Amino acid sequence: MSGTHARLQKNVSNQWEITDLNSTNGTFINGNRLSPNIPATFGVGDIVRIANLDFKVE
């Protein structure tokens with residue numbers, strides 16, 4: 001994982017979103033690779049993968 005792999009933030013609808021910052025190893029939500037620089041929302045029960053690390057959202 002690089003120092004600028006992805007960005008986490010809340011959007012205007014108060015939902016969490018993650019944006020892959022054109023990383024080499026990718027960012028995934030529930031096994032689906034995100035397109036670089038396009039925010040994707042996620043919520044409770046989702047699995048967020050950053051490089052080779054999985055995080056379950058609770």
In a Debye calculation with equal point scatterers on the alpha-carbon sites of the chain and no solvent, what is log10 I(q)/I(0) at q = 0.28 Å⁻¹? -1.24
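May I ask you to give the solvent-accessible area per residue for the chain, in square angstrom, as obtained with a 1.4 angstrom probe?
For the chain, the solvent-accessible area averages 68 Å² per residue.
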How big is the accessible area of Leu53 in square angstrom, nearest 10, if you roll a 1.4 angstrom probe over the protein chains? 80 Å²
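The values are calculated or read from the model by the stated rules, or taken from the named source; none is laboratory data. Owing to the predicted nature of the structure, the values given are computational and were not obtained by experimental measurement. Side chains are part of the model used for accessible areas, which takes the heavy atoms of the whole protein and leaves out ligands, DNA and RNA. Shrake-Rupley method; radii C 1.70, N 1.55, O 1.52, S 1.80 Å.
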